[in-house]
Amino acid sequence: MSDERNDVTAGQTPAPTGESAPAAEGSAPAPTAAPSQQELAIRSAFETVMDPEINLSVIDLGLIREIEIQPGKTMVKMMLTTPFCPYAPQLIAEVKQAAMSVVPQECDVEILPDAWNPQMMPDPGLLGFSY
């Protein structure tokens with residue numbers, strides 16, 4: 001019998017050498033590099049895109065979840081405050097226009113199916129002053 005033991009607890013698989021263990025399912029992805037100047041400029045332009053009912057910007061509401069600038073195309077992933085938001089077409093058009101005013105190339109907007117809640121806002125206290 002050998003006294004040699006793995007440092008692995010029963011039921012766990014060790015991460016391969018030189019690689020980190022994968023993130024747990026449902027956890028946030030690892031932070032990426034700092035946003036580019038173009039992305040910061042686009043986010044600044046999105047401050048002018050207002051939700052007509054709540055009267056806060058899509059940035060203040062935390063609706064913009066991801067901006068990816070590729071050669072020839074800008075991809076924006078965003079949420080809506082309600083699943084069947086009657087202002088969705090207007091918001092999408094305004095987001096596209098704002099992005100294209102900063103980076104003059106095609107812009108695609110993907111609406112994410114996730115449910116929005118005020119905790120996604122950078123400052124949820126803004127809702128108290130919007131009525």
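The values are calculated or read from the model by the stated rules, or taken from the named source; none is laboratory data. Note that this is a predicted model, so its numbers are computed, not measured. FYI the Cβ positions are ideal-geometry reconstructions off the backbone, even for glycines, and counts take in every protein chain you see.
How many residues, within region 36-64, are assigned to a helix (DSSP H, G or I) and either in contact with a Pro (Cβ under 6 Å, 6 or more places away or on another chain) or among the aliphatic types (A, V, I, L, M) (or both)? Lay out the reasoning, then the answer.
Of region 36-64, the ones assigned to a helix (DSSP H, G or I) are 37-46.
Narrowing further to those that are either in contact with a Pro (Cβ under 6 Å, 6 or more places away or on another chain) or among the aliphatic types (A, V, I, L, M) (or both): 40-42, 45.
Final tally of qualifying residues: 4.
So, of the residues in region 105-126 that are hydrophobic (A, V, I, L, M, F, W, C) and farther than 17 Å from residue 47 by Cβ, which turns out to be modelled with the lowest pLDDT? If you could, list the steps in order and put the result at the bottom.
If we filter region 105-126 for residues that are hydrophobic (A, V, I, L, M, F, W, C), which is where we start, we get 107, 109, 111-112, 115-116, 120-121, 126.
Imposing the further condition that a residue be farther than 17 Å from residue 47 by Cβ reduces the set to 111-112, 115-116.
Numbers: 111: 96, 112: 96, 115: 89, 116: 92.
Ranking the candidates gives 115 first.
Do you know which residues across region 96-131 are of a type outside the set (S, T, N, Q) and within 14 Å of the chain's Cα centre (by Cα)? Reasoning before the result, please.
Of the residues in region 96-131, the ones of a type outside the set (S, T, N, Q) are 96, 98-100, 102-104, 106-116, 118, 120-129, 131.
Within region 96-131, 109, 110, 111, 112, 113, 114, 115, 116, 120, 121, 122 meet the criteria.
Which one of the conditions (1) surrounded by 12 or more Cβ atoms within 10 Å (Cβ to Cβ); (2) out of contact with any Asp or Glu (no Cβ under 8 Å at 6 or more places or on another chain); (3) hydrophobic (A, V, I, L, M, F, W, C); (4) modelled with pLDDT under 95 does residue 102 fail to meet, given that it meets all the rest?
(4)
Determine whether residue 74 is in a loop (DSSP other than H, G, I, E, B), surrounded by 15 or more Cβ atoms within 10 Å (Cβ to Cβ) and at negative phi. Lay out the reasoning, then the answer.
Details: in a loop (DSSP other than H, G, I, E, B): no; surrounded by 15 or more Cβ atoms within 10 Å (Cβ to Cβ): yes; at negative phi: yes.
Judged against the criteria, residue 74 is not a match.
Among the residues of region 26-37, is there at least one that is more than 20 Å from residue 120 (Cα to Cα), surrounded by fewer than 17 Cβ atoms within 10 Å (Cβ to Cβ), of a type outside the set (A, V, I, L, M) and modelled with pLDDT under 95?
yes
Across region 49-71, which residue is surrounded by the most Cβ atoms within 10 Å (Cβ to Cβ) among those that are among the polar types (S, T, N, Q) and more than 22 Å from residue 106 (Cβ to Cβ)?
Taking the candidates together, the pick is 57.
Out of the residues in region 50-83 meeting the condition of being more than 25 Å from residue 36 (Cα to Cα) and among the β-branched types (Val, Ile, Thr), tell me which one is farthest from the chain's Cα centre (by Cα).
54
Scan region 89-110 for residues that are over 17 Å from residue 54 (Cβ atoms) and either touching a helix residue (DSSP H, G or I) at 6+ places or on another chain (Cβ under 7 Å) or among the aliphatic types (A, V, I, L, M) (or both) and jot them down.
Those that are over 17 Å from residue 54 (Cβ atoms) and either touching a helix residue (DSSP H, G or I) at 6+ places or on another chain (Cβ under 7 Å) or among the aliphatic types (A, V, I, L, M) (or both): 93, 98, 99, 100, 101, 102, 103, 107, 109.
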